[in-house]
Every structure is written in structure tokens, then in C-alpha cells.
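What follows is a single structure, written as C-alpha cells, with notes after it.
The values are calculated or read from the model by the stated rules, or taken from the named source; none is laboratory data. Since we're looking at a predicted model, the values are computed, not measured. Backbone-built Cβ (ideal geometry, glycine too); neighbour counts: all protein chains shown. Just the protein is used for accessible areas: all its heavy atoms, side chains included, with ligands, DNA and RNA removed. Shrake-Rupley method; radii C 1.70, N 1.55, O 1.52, S 1.80 Å.
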Amino acid sequence: MTSFDVVFQGSINNPEEFWAEAAKGISWYKEYDKVLDSTNAPFYKWFVGGKMNTCYNAVDRHVENGCGDRVAIIYDSPVTKSITKITYRELLDKVSIFAGALKSQGVEKGDTVIIYMPMIPEAAVAMLACARLGAVHSVVFGGFAPNELAIRIDHAQPKLIITASGAIEGKKTLAYKPLVDNALELSTHNVNKVILFQRNIIKAEMIEGRDLDWDELVGKSEPADCVEVDATDPLYILYTSGTTGMPKGVIRDNGGHAVALYWTMKNLYDINPGEVWWSASDVGWVVGHSYIVYGPLLQGSTTVFYEGKPIGTPDAGAFWRVISEHKVKALFTAPTAFRAIKKEDPKGVFFEKYDTSCFECLYLAGERTDPDTLHWAENLIGVPVIDHWWQTETGWAIVGNCRGIEELPVKEGSPTKPMPGYDVHVLDDDGNEVPAGTEGNIVVKLPLPPGNLTTLWRNDERFIKSYMTTFPGYYETSDGGYIDEDGYVYVMGRMDDVINIAGHRLSTGAMEEIISNHPDIAECAVFGTDDKLKGQLPVGLFVVKAGVTRDSDEITAELVKMVRESIGPIACFKEASQVLRLPKTRSGKILRGTMRSISNNKEYNVPSTIDDPLIISEITDTLRDMGYVTK
Ligand code: COA
Ligand code: AMP
């Protein structure tokens, strides 16, 4: 057995012993009574009886331990041409005073707070300040439209909203405040206070009596101390796309989350306290929660907060510049970012301009790493390129390559092996284990390790139905794939109606719900088609109601606008076409999978239950006219 196998087996055979050892990395006000409580499975609880505070662990204790002068956050913003370094001591000042500001507005333990902010350090300050008070934050990604924000406001019922005046997205300056105002008009939940961080790049109009200026409020606030919470109390809600328009509110607890993330920093990513770590994502996504904010800060390392893109801010050398300038040891990003760099600078001319000798490893996740991108990156940068697989629900990697324990050989197309704590299996649709090399449903035997979702916010029923019902005793990942003879896992893609656009998870079901609201539409289907840059892009086919004779391009333009306005630009919904009918089974199920395969020029099976086999050739012709079918 390799040293990794020993650790892995220990975690599966004796999970309580394993995680109790890991829990030593966290400072507890009161040690837990029980590592794992399985009495109400599948609502497993980690570190029951433990008292702690996540913000204390991420900020205060590093200052108390004499590391106050260490840089906690490097804010590197090519879009505003600024670089700021914030030490742990400065972070403590900012967070405790902002927590005081929240407290002055009535925010208490257990309250929810929505944060709608761009990639500025104030977003982390806001998250940590909520954690400090035991309040539950819910960060909403800035690329979501007011309607999506309103859905989250109504579901999370925040006491207040924290936002900023705007963002620079590539070369565009975007106002955030009108989006928040609009969302508050759309939502039914009453929010009395909005705290607004005014940025120099754009000024927001304030609404008298409701909006509070961040700086002014902080100026008259007193610092607030950490509030003791139960390890099992919620730290945050993060909404993620499901198969319908209603996103799932994934809940993360305090104790298990802190233990797991702390453990991964060294064991998975091989980062030590004080080293510079960069996760090039956004605080609005799970990667941003776990590895821009909480993971590195819990460990006491330095996290790079990057407000820019891999290309265009200003060029395809941006990543190399940041690595070189801040002595980044390891970078975590989505393969899309590297595909974008590869497209702009295939020969790596920009790479040659910078001294990146500090750089030891590139971690990729969010979508499958295609072999082309893997090899291109490996050859160019000459360091290991490590794929790892995870989901918003899990909060950290399910399958990865634990470089801090033992680096395993990379096999292209595989994120390597199940991580300690995850007992991964592949089952057929009837729940039987399939032989090595055979594709099926990837599942994880319960209990899930600490740091995974504990339930869905105010929806235990949906938690059970979405994840725990199809394969009793297992967590259903909704990803398909296989495990080879060496135990390497291969993740081939989602089995449901979730698609992955540039490493972002979006619901085709949600897009269909919006399109169906168009007065001329009888029915529609949206599915993901492969895209060289973004991995997948949505494509829509629609049937109009009897008697509608309008120009189909006009209708398409309206649908594109509706999806953009309802979900946001991040949905990247730009292509749709009218068809006479959609392929369906006799029971009325639309054959989205078949259409997806056709559009991707892949082999497909037409189910024997298809209503009318002739529709397939009509659909193929339409997808050919749209430029997808090339064979
Ligand atoms: N606020 C508002 N709008 C946003 C936004 C934000 N935070 N982030 C993205 N958008 C908008 C973009 O401006 C774009 O709008 P447009 O249709 O008007 O051009 C749209 O949403 C799609 O954005 P994106 O997918 O980022 O596409 P892009 O063409 O601007 O950039 C890449 C392409 C490849 C450079 C970009 O997708 C990228 O950096 N990918 C890496 C992904 C990543 O880090 N994922 C993290 C998950 S681990
Ligand atoms: P999200 O919840 O937004 O992180 O998206 C999770 C989904 O992204 C997973 O269910 C997978 O479909 C996909 N995904 C994430 N990482 C990988 C990876 N390394 N390989 C393949 N798919 C991935």
C-alpha cells in the first residue's frame, strides 16, 4: 500500500478517529462531545457539542499566535490598476469593526445576510463579519440578474443586504446597486437595510432611510467580538443550480467545514501557513467560499484576491504576472481559464516574460480537464497540473490527488482517486455496483465527510429527494463516470439537466421555464452543446403555439433577452431555433440527451419508446443549420 492508500483506508475504516485527528487543526472554545452523530441519518452531524467560531479560526487566532504582520489577503485588481496587501492584524480590525456595524443594525446569531459583491476584499470582510456574529451569509454571484437575486432574497429572508456600487467585468463597468434595487422591488421579503460599499469606479444613488454607506457606518461603529456558535450551526447558504428554476440552498456548518478545509490546505494542496495561494475564481461560487476565503485564512496562508480575467486584463500574461509578482506557490482555477489563455497565446510568449520559479502546481476543477489543455499547460509551465472533482454540495474535493500526502501519477481525463473521507462507488440505474471501467452513476457511501452540505436551507425534503433517495445509503452526485482497475475515477458529466458553462453550473430547466413564459411558445427544450472555450453552451429549440406566424429570428432574439434578463449574462444563452416539434417518448418525455448527442456529433440511441422517429432527422437538420452538426 502507498502512503496515500494508508491514509485513505484509515479515513474510511475509522472516520471518527481520522476526523478527530484533523479537528486538532481548529481552535475550539469547547471540544465536541461526539465526532459523528448518525442518529438521524442521513442528517449526519459532525463535532456535536463543539463550540467554536469560524472567523476566530480564520483571523483572530493568527494574530494571537504572533502572525498579525503576515499578509492575509493580496488584492490584485488589474481592472482598477491597484494592488493592496492586508495583514492578518488589519483584517482583524476591518472584520471586527464591520461586525460591529452589522450588530448596530440588529444582525444577530442565526440571522441571514445576503452579500452581492464583486471581487473586492470587502466581500471577504463581509463574509467573515457575518461568521463572527454567528450570522448566516449567502453570497450571490454578481453575474446573476435581479430576478435570480430576488429568488434568493425571498428564500433566504435576509435581515439586510451588503453590496457595492459596481464592478469592472473585463472592460465593462457594471452598476450593481440598480440590480439590488430592482431585486428588492421584485422580491416579497422585506429588507429594511442595504449596506453599500461605494467604489471609486462608479457611484451609486442611495435610497434615504434604507441604504447605509459602508464607510460612514464603519466610522461610527465599535468592534464586535466573536460569538460562540455550535459546530453544527450554519455558517452559510450557497444557492446552486438544480434542475428547476428554484436553486438549491446548500448549507454548510461551522465546525465540520473548518476542520475539512483546514485539512485540505496541506494534505490536498500542499500549502503551508504563510505561503501564497491563489484561487482564481469568484467569491460567488463555492470555490471562492472554500479557497479564496475560508480555506487559506483558516490555515493562516496568504490568499490572492484577483479582480480580473485570464485574458484581456490586460493580456494573456495576466496569470503569469500575478504568480510572479506575488510569489504564488499554487494556483487553482477552471480549465476554461487555461483554454482562454491557450487560445490567445498558444506558444506561451507571455509566459516567457515572467519569472515563475516560485510556482509549484496548477490545480484545475469546475469542469472536466480535457487532455489537450492538460498537456498544453504541463508542457508550458513545467509543473504538475492536477485535476480534481467536486461540487457546491461537497465544499471540497471528492476526487483528487493529495500532493501533501503523496503525489500520485496523473492519468489524463481523471481527477485521480477518491479523497480521504469519500467512499466512492459507481452504480447502475438499479443500484448495482458496476465492474471497473463500466460507466454508471457516481455515488458516495454515507456518511459524507465533514464540510459537506448538511441539508438544503429550509428544505429537508428536497435534500432527501435530490441526493439520498435514488440510491439509499449513498449520496447521489448526479455525475456519471467510471472507476478503472487502478481505482482512478473518471467523471464524464452530469446525468441531469445541469450544464457547466466556463466552470459555472447552470440549469437548463430554469432556462426552459423562462422561455415557456413567452406568449408565443408552446414548448421548448434547452440542452448543453460542447464548446471549445467554455466547455458547454446552452442551445434552445422551441415550438410556437398554433397560429403564431411571427418571424422566428425575432422570437429567438426575445428569448435570448428574456434569459439574459431573468438569469443573467452568465447563462450565456445566445442560440435558439424554431422547430415544428420536439422529439419525445410516447409518455411525453423530451429527449434532451438525444438532441445533445446529435448536436455534439456523438453516437446516440433513439429509444424504442420514441413517439415519432422521423422527428430525429428534422432536429438533425435544424442543428446542422445552426452549425452544430458537422457530419
Ligand atoms: N458580474 C456581472 N457580469 C458578469 C460577471 C460578474 N461578476 N461575471 C461574468 N459576467 C458576464 C460577462 O461580462 C459576460 O457578459 P456578456 O455576455 O455581456 O459578454 C457573461 O457574464 C459571461 O461571462 P464569462 O463566462 O466570464 O465569459 P467571458 O467571455 O466574459 O470570459 C473567460 C470568458 C473564459 C475568460 C471566462 O469565462 C473565465 O475567466 N473563465 C474562468 C472561469 C472560472 O474561473 N470559473 C470559476 C469556477 S471554479
Ligand atoms: P459546481 O457545483 O458549480 O461546483 O459544479 C459541480 C459540477 O461541475 C460537478 O457536478 C461536475 O459535473 C462538474 N465538475 C466539477 N469539477 C469537475 C472535474 N474536475 N471534472 C469533471 N467535472 C467536474
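Within the set of pairs 6+ apart or on separate chains, which have a first residue in region 569-594 that is farther than 18 Å from GLU618 by Cα and within 16 Å of ligand 2 (Cβ to nearest atom), a second that is open to solvent by 20 Å² or more (accessible area, probe 1.4 Å) and part of a strand (DSSP E or B), and C-beta atoms under 8 Å apart?
ILE570/HIS504; CYS572/LEU537
If GLU360 satisfies every condition in (1) open to solvent by less than 40 Å² (accessible area, probe 1.4 Å); (2) within 25 Å of the chain's Cα centre (by Cα); (3) farther than 14 Å from PRO415 by Cα but one, which is the exception?
(1)
Restricting the search to region 324-352, which residues are assigned to a helix (DSSP H, G or I) and over 26 Å from GLN391 (Cα atoms)?
Listed by number, the residues that qualify are SER324, GLU325, HIS326, LYS343, GLU344, VAL349, PHE350, PHE351, GLU352.
Can you give me the ranges of the strands (runs of 3 or more DSSP E) entirely in region 11-99 with at least 3 residues that are open to solvent by less than 10 Å² (accessible area, probe 1.4 Å) and touching a strand residue (DSSP E or B) at 6+ places or on another chain (Cβ under 8 Å)?
Details: elements: 34-37, 45-48, 71-77, 82-87.
Output list reads 71-77.
Can you tell me which residues in region 493-502 are in contact (Cβ under 8 Å) with a residue 60 or more places away in the chain and surrounded by 20 or more Cβ atoms within 10 Å (Cβ to Cβ)?
So in region 493-502, the residues in contact (Cβ under 8 Å) with a residue 60 or more places away in the chain come out as 493, 496-498, 500-502.
Within region 493-502, ASP497, VAL498, ASN500, ILE501, ALA502 meet the criteria.
Output the residue which, of all residues in region 268-294 that are out of contact with any helix residue (DSSP H, G or I) (no Cβ under 7 Å at 6 or more places or on another chain) and open to solvent by 10 Å² or more (accessible area, probe 1.4 Å), is nearest to ILE405 (Cα to Cα). Walk me through how you get there before you give the answer.
First pass over region 268-294, keeping only residues out of contact with any helix residue (DSSP H, G or I) (no Cβ under 7 Å at 6 or more places or on another chain): 268-270, 274-275, 284-289, 291-292.
Those still in the list that are open to solvent by 10 Å² or more (accessible area, probe 1.4 Å) too: 270, 274-275, 285-287.
Details: ASP270: 8, GLY274: 19, GLU275: 18, TRP285: 27, VAL286: 24, VAL287: 22 Å.
Ranking the qualifying residues of region 268-294, first place goes to ASP270.
Being within 23 Å of ILE83 (Cα to Cα), small (Gly, Ala, Ser) and open to solvent by 10 Å² or more (accessible area, probe 1.4 Å) narrows it down to one of GLY142, GLY110, so name that one. Outline the logic, then answer.
Details: GLY110 fails: within 23 Å of ILE83 (Cα to Cα).
The match here is GLY142.
Kindly state which strands (runs of 3 or more DSSP E) lie completely within region 166-245 and contain at least 3 residues that are open to solvent by 30 Å² or more (accessible area, probe 1.4 Å) and more than 19 Å from LEU128 (Cβ to Cβ).
Working: elements: 166-169, 172-175, 193-197, 211-213, 234-240.
The qualifying strands (runs of 3 or more DSSP E) are 172-175.
As an exercise: evaluate TYR363 against (1) part of a helix (DSSP H, G or I); (2) more than 19 Å from LEU533 (Cβ to Cβ); (3) within 16 Å of ligand 2 (Cβ to nearest atom) and give the number of the one condition it does not meet.
Condition not satisfied by TYR363: (1).
Check whether at least one residue in region 410-417 is among the acidic types (Asp, Glu), part of a loop (DSSP other than H, G, I, E, B) and under 20 Å from ILE386 (Cβ atoms), and report yes or no. Show your work before the answer.
Let us first name the residues in region 410-417 that are among the acidic types (Asp, Glu), namely 412.
Next, only the ones that are part of a loop (DSSP other than H, G, I, E, B) stay: 412.
Filter once more, so that each one left must be under 20 Å from ILE386 (Cβ atoms): 412.
Scanning region 410-417 turns up at least one residue that is among the acidic types (Asp, Glu), part of a loop (DSSP other than H, G, I, E, B) and under 20 Å from ILE386 (Cβ atoms).
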